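This report refers to the structure that appears directly beneath it.
The values are calculated or read from the model by the stated rules, or taken from the named source; none is laboratory data. Keep in mind the model is a prediction, meaning the values are calculated, not measured. No Cβ is skipped: glycine too gets one built from the backbone with ideal geometry, and neighbour counts run over all protein chains shown. In case anyone asks, the SASA skips ligands and DNA or RNA and just uses the protein heavy atoms, side chains included. Shrake-Rupley method; radii C 1.70, N 1.55, O 1.52, S 1.80 Å.
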Amino acid sequence: MIGFQRDGAALACDGVPLDRIASAEGTPLYVYSSATIAARYRAIDEAFAGYPHRIHYALKANSTLAIARLLRGLGSSADANSGGEIEVAILAGFTPAQIVFTGVGKTSGELAQAVALGVRSINVESEGEIARLDAIARERGVRTSVAIRVNPDVDAKTHPHISTGLRTNKFGIPASDVPDICRRAQFMDGIQIVGLHAHIGSQITDLAPLANAARALVTLARELRDKGTTIEHLDIGGGLGVSYDGEPVPGPVDYANAVLPILRESGLAIVLEPGRHIIAPAGALLTRVVDVKDAGVRPTTLEPRAFVVMDAGMTELIRPMLYDAFHRIEPVVRTGAPLVCADVVGPLCESSDTLGRDRMVPRPQVGELYAVLDAGAYGAVMSSNYNRRLFPAEVLVENGAWRVIRRRQKLQDLLALES
Ligand code: LLP
């Protein structure tokens with residue numbers, strides 16, 4: 001049994017009962033399934049097997065060192081979005097040639113770090129950044145490899161907060177500006193344009209926008225070639241969604257079928273930067289009920305409602321609050337209690353601190369253990385210390401056993417930074 005599945009009444013991760021893990025390690029707790037990570041990485045790799053490709057796992061989705069190492073071991077390369085992520089990638093054993101560096105606001109310090117390391121490609125976001133990068137590279141007497149992040153003005157049809165490919169978004173360079181920029185870059189001694197990059201958004205479940213972005217890259221690559229700039233790769237970013245509610249969504253094979261016929265025309269190798277698709281379903285957040293409060297009645301049916309207050313909230317998983325994201329929330333051990341309609345909320349002093357609204361759950365008991373599913377991506381990495389709450393521990397289940405891959409933060413860890 002791989003991933004989060006029930007063994008009778010009890011939810012388990014790769015066959016290890018979650019209540020055992022939570023009793024030993026406490027809550028809130030992130031639990032990851034290494035078998036799921038491996039299966040989902042391989043599914044993407046296999047879907048693109050017929051074409052030259054490299055998978056650069058997007059560290060931003062989850063960069064806990066052991067997770068990054070696990071992916072490296074599976075053959076992945078890395079997509080880093082900050083100097084910190086570059087350092088984590090190196091610590092996890094990725095070579096500089098396995099790292100692409102993206103980000104809309106790279107500081108000169110971060111650019112210098114990437115140039116000094118000699119990363120595979122720096123995905124540049126503006127003409128100003130190219131000029132800064134050229135100066136930094138020339139100072140070091142090197143020529144740095146650059147891919148231009150194109151803004152293809154494509155609507156990814158996802159939540160507006162995670163759409164990045166529209167002209168009105170802050171990301172990338174409009175396609176129409178790219179040929180002139182490349183022409184000017186030919187005279188820069190510190191710059192070698194090696195690729196084009198596009199990332200139009202995240203949690204994309206309609207493949208047409210991804211195909212349109214791929215087409216925009218291929219068209220632009222052809223135009224550049226005709227004008228004398230030869231590039232080596234097209235980086236099609238990440239964005240492939242997952243099913244949070246159990247409804248079917250396109251998978252890696254559908255994705256490959258949608259984009260490969262287009263990309264093939266270019267004859268160029270491709271880079272993929274998947275994050276969520278690999279890691280979201282591989283993680284769950286375990287949390288215990290702290291209080292159950294009466295919340296009046298449902299206006300439509302007059303059924304009683306409850307607030308179920310958990311020991312995890314927006315500080316551990318901000319996605320429901322920030323993007324109205326839906327995550328399944330289930331009791332780890334199923335009880336026969338009658339169902340109640342509940343708002344499952346966190347303990348913070350914010351009304352929007354909610355994990356799920358209007359959920360039918362067996363009437364919960366204080367102390368009962370719950371799992372918030374598909375929380376492996378943009379979960380732990382987006383935690384905060386608001387209300388002086390401490391980062392949760394994280395464990396990885398491998399071969400029928402678990403190990404702590406990030407210990408729970410202590411208040412002393414926080415106070416060590418203060419005077
Ligand atoms: N490449 C670039 C340049 C990106 O900006 C991103 C994500 C990825 C790759 C990976 O995308 P993925 O395959 O994971 O969709 N916090 C939000 C998601 C933000 C995504 C940011 N960029 C959430 O929780 O939904």
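Pull up region 299-322, narrow it to residues that are part of a loop (DSSP other than H, G, I, E, B) and of a type in the set (D, E, K, R), then point me to the one that is farthest from the ligand (Cβ to nearest atom).
Checked region 299-322; the qualifying residue farthest from the ligand (Cβ to nearest atom) is 303.
Report yes if residue 314 is buried (at least 21 other Cβ atoms within 10 Å of the Cβ) and either without any contact (Cβ under 8 Å) to a residue 12 or more places away in the chain or of a type outside the set (Gly, Ala, Ser) (or both), otherwise no. Outline the logic, then answer.
On the way: buried (at least 21 other Cβ atoms within 10 Å of the Cβ): yes; either without any contact (Cβ under 8 Å) to a residue 12 or more places away in the chain or of a type outside the set (Gly, Ala, Ser) (or both): yes.
Taking the combined requirement at face value, the residue satisfies it.
Just need a number here: residues in region 126-149 that are in a strand (DSSP E or B) and away from the ligand (no atom under 12 Å from the Cβ).
4
Only one residue in 325, 342 is at pLDDT 95 or above, surrounded by 20 or more Cβ atoms within 10 Å (Cβ to Cβ) and within 16 Å of the ligand (Cβ to nearest atom), so which one is that?
Values: 342 fails: within 16 Å of the ligand (Cβ to nearest atom).
One residue alone meets the criteria, 325.
Give region 105-147 a look and list any residue that's touching a Gly at 6+ places or on another chain (Cβ under 9 Å), of a type in the set (A, V, I, L, M) and open to solvent by 40 Å² or more (accessible area, probe 1.4 Å), or say none.
135, 142
Pull up region 385-419, narrow it to residues that are closer than 15 Å to residue 64 by Cα and in a loop (DSSP other than H, G, I, E, B), then point me to the one that is least open to solvent (accessible area, probe 1.4 Å).
Restricting to residues being closer than 15 Å to residue 64 by Cα and in a loop (DSSP other than H, G, I, E, B), the top hit is 392.
Looking only at residues that are under 21 Å from the mean Cα position of the chain (by Cα), within 16 Å of the ligand (Cβ to nearest atom) and farther than 28 Å from residue 329 by Cβ in region 212-253, which one is surrounded by the fewest Cβ atoms within 10 Å (Cβ to Cβ)?
The selected residue is 234.
Under the condition of being open to solvent by 50 Å² or more (accessible area, probe 1.4 Å) and of a type in the set (A, V, I, L, M, F, W, C), which residue from region 87-96 is farthest from residue 271 (Cα to Cα)?
Once the filter is applied, the top-ranked residue is 91.
Output the residues belonging to region 160-183 that are out of contact with any helix residue (DSSP H, G or I) (no Cβ under 8 Å at 6 or more places or on another chain) and not in a loop (DSSP other than H, G, I, E, B).
Correct list: 160, 163, 174, 176, 180, 183.
Need the failing condition index for residue 261 against (1) open to solvent by less than 20 Å² (accessible area, probe 1.4 Å); (2) assigned to a helix (DSSP H, G or I), just the number.
Just one mismatch for residue 261, condition (1).
Only residues that are within 16 Å of residue 270 (Cβ to Cβ) and either within 16 Å of the ligand (Cβ to nearest atom) or free of Cβ contacts under 8 Å to residues at least 12 places away in the same chain (or both): list them for region 191-210, please.
From region 191-210, those within 16 Å of residue 270 (Cβ to Cβ) are 194-200, 207, 210; that's our starting set.
Correct list: 195, 196, 197, 198, 199, 200, 207, 210.
Applying the selection to region 64-84, what residues are open to solvent by 30 Å² or more (accessible area, probe 1.4 Å) and either under 19 Å from residue 32 (Cβ atoms) or more than 16 Å from the ligand (Cβ to nearest atom) (or both)?
Once the filter is applied, which keeps residues that are open to solvent by 30 Å² or more (accessible area, probe 1.4 Å) and either under 19 Å from residue 32 (Cβ atoms) or more than 16 Å from the ligand (Cβ to nearest atom) (or both), region 64-84 yields 65, 69, 70, 72, 73, 74, 75.
Give the residues of region 89-104 that are part of a loop (DSSP other than H, G, I, E, B) and away from the ligand (no atom under 16 Å from the Cβ), sorted by residue number. If you could, list the steps in order and put the result at the bottom.
Let us first name the residues in region 89-104 that are part of a loop (DSSP other than H, G, I, E, B), namely 92-95, 102-104.
Listed by number, the residues that qualify are 92, 93, 95.
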